[in-house]
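Participant: Here you go, one structure.
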Amino acid sequence: NDMGHDIGRIKVRITRLEKTFVELCVGNETLSNLQSRPGVGSVSAAILVSGVGPIEHFRSVKQVNKFAGLNLVSKQSGEYQGIRVISKMGNRLLRSAVYQAALAASHSGSPLGKWYRNRSKQPGVKKKKLLIALAGKILRIVFGIMKHGTLYRENYDNLLKIKQRHREVLAKVNKKTA
C-alpha cells in the first residue's frame with residue numbers, strides 16, 4: 001500500500017516536471033527550429049541545445065563534432081596502424097542524443113533514412129559505423145539550424161548542389177564571353 005502511494009506521488013511529480021519543461025520550452029526559437037527536423041522532439045531538442053551550449057563558441061561543425069566526441073582518431077601503437085574510431089572524448093549526453101536521433105532517422109522515410117538503408121545494403125558495411133556517420137550528418141544539420149536560426153529543410157542539400165552547379169555554369173559562360 002505504501003509502495004502504491006509512493007508510485008502515485010512519483011507519477012504526479014513527473015507530470016509536474018513535464019509541464020514545467022514544456023512551459024520553459026515554449027517560445028524558444030532554437031528549440032522550435034530543431035523540432036522542425038523529423039525525429040527530433042522537445043526532449044531531444046532540449047538535450048541538443050543544452051549539450052551544444054552557446055553555438056557562438058563554435059566556428060565550424062568540426063568543432064561541434066569534436067565537442068560531442070564524434071571525431072575520428074586512429075588507434076595505433078609503435079609500428080601498428082590501427083583502425084579509425086570515434087574519440088568518445090566529448091559530451092556523452094550530446095553524443096547519445098545525436099546517436100538516438102540517428103537511430104530514429106535510420107528507420108524513417110526521410111532522405112537520411114533512405115541514405116542509411118541504401119548504404120547498409122552494401123557488402124562489408126557495419127551498421128553501427130553507419131549509424132555513427134548518420135549521427136555526424138544529423139549533428140551538421142543541428143549546427144546549421146542553431147548557427148543560422150533557420151528551420152530544417154529536407155531538400156536543402158539538393159538546393160545547395162543546384163546553386164553550386166548554376167554558379168559553375170555561369171562562371172564557364174562568363175569565362176567564354178570575356
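Participant: Being more than 18 Å from the chain's Cα centre (by Cα) and either under 19 Å from L134 (Cα atoms) or among the aromatic types (F, W, Y) (or both) is the filter here, so list the residues in the range 46-82 that pass it.
Facilitator: If the condition is that a residue be more than 18 Å from the chain's Cα centre (by Cα) and either under 19 Å from L134 (Cα atoms) or among the aromatic types (F, W, Y) (or both), then V73, Y80 are the ones that fit.
Participant: Any idea how many residues of the range 99-121 are farther than 28 Å from A45 by Cβ and surrounded by 14 or more Cβ atoms within 10 Å (Cβ to Cβ)?
Facilitator: 0
Participant: State yes or no: is V61 in contact with a Lys or Arg (Cβ under 6 Å, 6 or more places away or on another chain) and closer than 28 Å to C25 by Cα?
Facilitator: yes
Participant: A further question on this structure: Among the numbered conditions (1) surrounded by 11 or more Cβ atoms within 10 Å (Cβ to Cβ); (2) free of Cβ contacts under 8 Å to residues at least 12 places away in the same chain; (3) of a type in the set (S, T, N, Q), tell me where N65 comes up short.
Facilitator: Among (1) surrounded by 11 or more Cβ atoms within 10 Å (Cβ to Cβ); (2) free of Cβ contacts under 8 Å to residues at least 12 places away in the same chain; (3) of a type in the set (S, T, N, Q), N65 violates only (2).
Participant: Also: For V73, all conditions in the list (1) hydrophobic (A, V, I, L, M, F, W, C); (2) open to solvent by 50 Å² or more (accessible area, probe 1.4 Å); (3) in a helix (DSSP H, G or I) hold save one; what is the number of the exception?
Facilitator: (3)
Participant: Another question about this same structure. Taking the residues in the range 20-55 that are assigned to a helix (DSSP H, G or I) and modelled with pLDDT under 80 as candidates, determine which candidate is most open to solvent (accessible area, probe 1.4 Å).
Facilitator: Of everything passing the filter in the range 20-55, L24 is most open to solvent (accessible area, probe 1.4 Å).
Participant: Right, here's the next one. Go through (1) assigned to a helix (DSSP H, G or I); (2) crowded, with 16+ Cβ neighbours inside 10 Å; (3) of a type in the set (D, E, K, R) one by one and return the number of the condition R9 breaks.
Facilitator: Condition (2) is where R9 drops out.
Participant: Looking at the structure I just gave you, is L139 touching a helix residue (DSSP H, G or I) at 6+ places or on another chain (Cβ under 8 Å) and either open to solvent by 20 Å² or more (accessible area, probe 1.4 Å) or within 17 Å of L34 (Cβ to Cβ) (or both)?
Facilitator: For L139, the condition - touching a helix residue (DSSP H, G or I) at 6+ places or on another chain (Cβ under 8 Å) and either open to solvent by 20 Å² or more (accessible area, probe 1.4 Å) or within 17 Å of L34 (Cβ to Cβ) (or both) - is met.
Participant: Kindly indicate whether any position in the range 77-98 is under 15 Å from I145 (Cα atoms), open to solvent by less than 80 Å² (accessible area, probe 1.4 Å) and either not aliphatic (A, V, I, L, M) or not in a strand (DSSP E or B) (or both).
Facilitator: So far as the range 77-98 goes, yes, one or more of its residues are under 15 Å from I145 (Cα atoms), open to solvent by less than 80 Å² (accessible area, probe 1.4 Å) and either not aliphatic (A, V, I, L, M) or not in a strand (DSSP E or B) (or both).
The values are calculated or read from the model by the stated rules, or taken from the named source; none is laboratory data. Since we're looking at a predicted model, the values are computed, not measured. Here the Cβ is made from the backbone with ideal geometry for all residues, glycine too, and neighbour counts use every protein chain on show. Accessible surface areas use protein heavy atoms only, side chains included; no ligands, DNA or RNA. Shrake-Rupley method; radii C 1.70, N 1.55, O 1.52, S 1.80 Å.
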